[in-house]
1. Keeping every protein chain in place, order A:F7, B:F230 by accessible area at 1.4 Å, biggest value first, i.e. largest first.
2. Below 30 Å, Cα to Cα, which lysines can A:K152 reach? Residues fewer than 8 away in the same chain don't count.
3. Aspartates and glutamates near B:K21 by alpha-carbon distance under 12 Å, same-chain residues fewer than 8 away left out - which ones?
4. At what distance in nm do the modelled label points of B:K179 and C:T52 sit from each other, each positioned 7 Å from its Cα along Cα→Cβ?
5. Springs between alpha-carbon atoms under 10 Å, Gaussian network over chain B: tell me which of B:R291, B:R204, B:R104 tops the mean-square fluctuations.
6. State which entries of B:K225/B:K331; B:K131/C:K94; B:K131/B:K154; A:K107/A:K285; A:K3/B:K43 exceed 22 angstrom in Cα-Cα distance in the structure shown.
7. What is the sum of charges, Lys and Arg at +1 and Asp and Glu at -1, for the other residues whose Cβ falls under 14 Å from the Cβ of B:Q308?
8. Which of C:G19, C:G186, C:G51 ends up with the largest GNM mean-square fluctuation for chain C, with Cα atoms connected below 10 Å?
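The values are calculated or read from the model by the stated rules, or taken from the named source; none is laboratory data. Quantities reported herein were computed from a predicted structural model and do not represent experimental measurements. So basically every Cβ, Gly included, is an ideal-geometry build from the backbone, and we count neighbours across all protein chains shown. Remember, those area values only see protein heavy atoms, side chains included, never the ligands or the DNA or RNA. Shrake-Rupley method; radii C 1.70, N 1.55, O 1.52, S 1.80 Å.
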Amino acid sequence: MEKRVVFRSAWLPYALLAPQLVITAVFFVWPASQALYQSVLLEDAFGLKSQFVWADNFTALFRNSDYVSSFGRTAVFSILVAGLAMGIALLLAVMADHVIRGATTYKTFLIWPYAVAPAVAGALWVFMFNPRIGIVAYAMHSFGYDWNHQIKGEDAFALITVAAVWKQISYNFVFFLAGLQAIPKSLLEAAAIDGAGPGKRFRSIVLPLISPTSFFLLVVNIVYAFFDTFGIVHATTSGGPAKATEILVYKVFNDGFIGLDLGSSAAQSVILMTIVILLTVVQFKYIERKVAY
Amino acid sequence: MATVALENVGKVYPGGVEAVKGVTLDIPDGSFTVLLGPSGCGKSTLLRMIAGLETITTGTCRIADRIVNDVEPADRDIAMVFQNYALYPHMSVYDNMAYGLRNRRTPKDEIDRRVKDAARILAIGDYLDRKPRALSGGQRQRVALGRAIVRDPKVFLFDEPLSNLDAKLRVATRIELRKLHERLGTTSIYVTHDQVEAMTLGDRVVVMREGTVQQVGPPLELYNKPANTFVAGFIGSPPMNFADVSFTERDGRLVAEADSIQIVVPEPMRRRIGRSTGRTATLGIRPENLRIATPDADRSNAITGVVQVVEHLGAESLVAVDAGGHLLIAKADPTVAFASNETVRLTPDPEALHFFDSTSGAAL
Amino acid sequence: MVERRPWLTLLAHVTLAIGVLMVAFPIWVTFVASTHRPEDIMTAPIPLWPGTQLLANYSELLFSGLKNPSAGGVPLWRMMANSLVMALIIAIGKIVLSFMAAFAIVYFRFPFRMAAFWLIFMTLMLPVEVRIVPTFKVVADLGMLNSYAGLTVPLLASATATFLFRQFFLTVPDELAEAARMDGAGPLRFMKDILLPLSTTNIAALFVIMFTFGWNQYLWPLLMTTDRQYMTVVMGIQRMINVADTDPQWPMVMAAVILAMLPPVAIVVVLQKWFVKGLVETEK
């Protein structure tokens, strides 16, 4: 879709674009190319000499069991977060779409965690799960489970998952509700006249019609779990205990700023960028398909 | 007030599409000229080139004897009424009309006077504080007109301004536009695809097709003497009937023939056709020039056919007749009943016969 | 609703109530904890009803700050002010820059137009977390550490906002720009007089999204600021929790949590209508 040409000026469009483009070039494109460049270099510990090493940094990464397990952990984490946050949000959205009275009130109460910073969400839940005083941990103790995310890796993993899911439900809820409300009522009425009950209607009409929304959200949720959860991890577990919560984006930061292993960190950046690009391409394909309707 | 003169004006879009091909056209001062044609014929592009909204690829455009090819729209001293009115949704009616004047640094009291004047002429004085969305379609139309009037331009440009109104309002607005033109006397160029609008509004109609001008003339001239089959078929409702015929000489008379058609060509027409035996042509007869009768013995000057469908419009009936494979429409007296499959005889008004060249379509 | 099924409606209300509870319960616990004395929050079970220290805790936190070494006695109002400055600059800056860029891309034809479009689009693919080390280096080389400029400028480019504006501009009828052109308005005047007022809804929506984005920045200020004068509240909380050797001062931390979420949550809730619209439109 294009506008008919309406304004002509030799310099104005460039002037209007300049600030955005300069920032993009200086703070996005240049650093990204630096990461790409660094990822094929090996630098000595003082950063004085560097040597071109082809893909050595990458092969080293995939031979490193820490990195491979971090990769697997991140995959499990993002599947869990996307699945839970989307499932719960869909359930709530379907219910909110069903009720007539009070839907707006429920919506107001459900959307605000969107505004909570991941790090703050982490702080909230770390308090809830504090082994000694946390109310949830206390409840679990009384049920006989000895919760301690400071020592037990799986507990720490559960903690960041809960915090990440809790924060993301609102976002998914907004989209699902919008998608559900966009379904023409006449379609559901026609199905009801054809004798389809609520469950059947949901499966045969609602689900297919919101599948584009679901697909979009799946990509967004995976990106969220991959990147935006840094704050949650950093503020709650700092990757521990024993790297049990060290997801990829945390590892990039940790290896780059704490470990000062620039080549490895750059290679990790490049891998993450590739993942984002792949996800974006997938999402773009979906947008194209939607346009084709 | 001004004349608009187009000389060999052409428009080629970047993709290579040639929307307007070498149009030469003089629009006299104070005239109401209608550009008429089907969608995609280049009429809107031509108007937009006059407005300065499209660049002119070839040729020159003069407004009041000044070449305006490279003049900004705002500096051409023209005003335009758009199909969707293009009112600024966030501005009041008053501000919509005043905006252009303010940009020209017209003094405040002058703006006020002009807006109030235009509002009085268009009877929209009561809505000046409202936003466009609070107005009906007809009222918005008037505001769009008002925005053009306050500028007191040399030329008014109208781009299908009535097409978003319902049928009844369209007829009423048409009459008002005509009255407005008589009152202001400003040169007006009006684009439409509706031939009724063109016939009723214009004192000159320009029929266009595929980027070229087909015919220019007063409405009745286009109706009575269409230059080619396209103009003939485009003007008039229902459209003119066409049939392919060949000429033969019989008993000293020239006869146009096809399967069930035998029509004696009247003498003045015959002279225009010239040497013609064995030649083919396209015969054109308007539905209103066909008289229906029950068949009789004399088949020498008539069309014989079978009634297919009769449409009763109240004031008249349209009878669709299959004449040897040609479907012809005839206007009939609604009091006379015809049955389907009834065989009838159609007699054309000899004064209203049109013949066109079979290949070029040009009137003979 | 297609037909009446009372039990379904009841189920819906119950499910939603549970959902709301799930979402709100941590906040309640947090709020309650922030109104008690530290010693009340030392042993489980902690109280579930507000205590008496609301004013005392919040005023101490806001005006004197925590006395532990890592949070370093910076009063919370100072961090909140930093967060506010950062969020406002980012939100307004992103909106202004994106508005201008989208206007150029939509309303002009010029060489490298598509190249510019794709360059902006690329930023979508480069979240700051991914390129954090080299970006940090650029900012350090430019001498922008420990400054509001360093905190905000690198985040001012926004593909999302540019797309949203572009999408909206494309729906604005061409005739409006043409009418303005006939009315003697140049591009800048058209932008200011027509396009800007028409975009208010989109701007409001983007403001909510971008303000939240800016306020909630975490990793970036963490790296950009070593000077406590520039500490933002979101990163401040991390410093308050991760104290060496002792327990965090939970009531204070929880009060900071409440204060840190208040501004963005308030904006999201108050501007809910626009926010939801804007969020959903970024999908398109």
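1. Values: A:F7 10, B:F230 40 Å².
Per-residue accessible area, sorted high to low, gives B:F230, A:F7.
2. Candidates past the 8-residue exclusion: A:K167, A:K243, A:K251.
3. In chain and number order, the partners are B:E7, B:E210.
4. In this crude spin-label approximation the distance works out to 8.4 nm.
5. B:R104
6. Working: B:K225/B:K331 20 Å; B:K131/C:K94 31 Å; B:K131/B:K154 28 Å; A:K107/A:K285 31 Å; A:K3/B:K43 20 Å.
Beyond 22 Å between Cα atoms: B:K131/C:K94; B:K131/B:K154; A:K107/A:K285.
7. Summing Lys and Arg as +1 and Asp and Glu as -1 gives -3.
8. Maximum fluctuation in the GNM of chain C, among the listed residues, is at C:G19.
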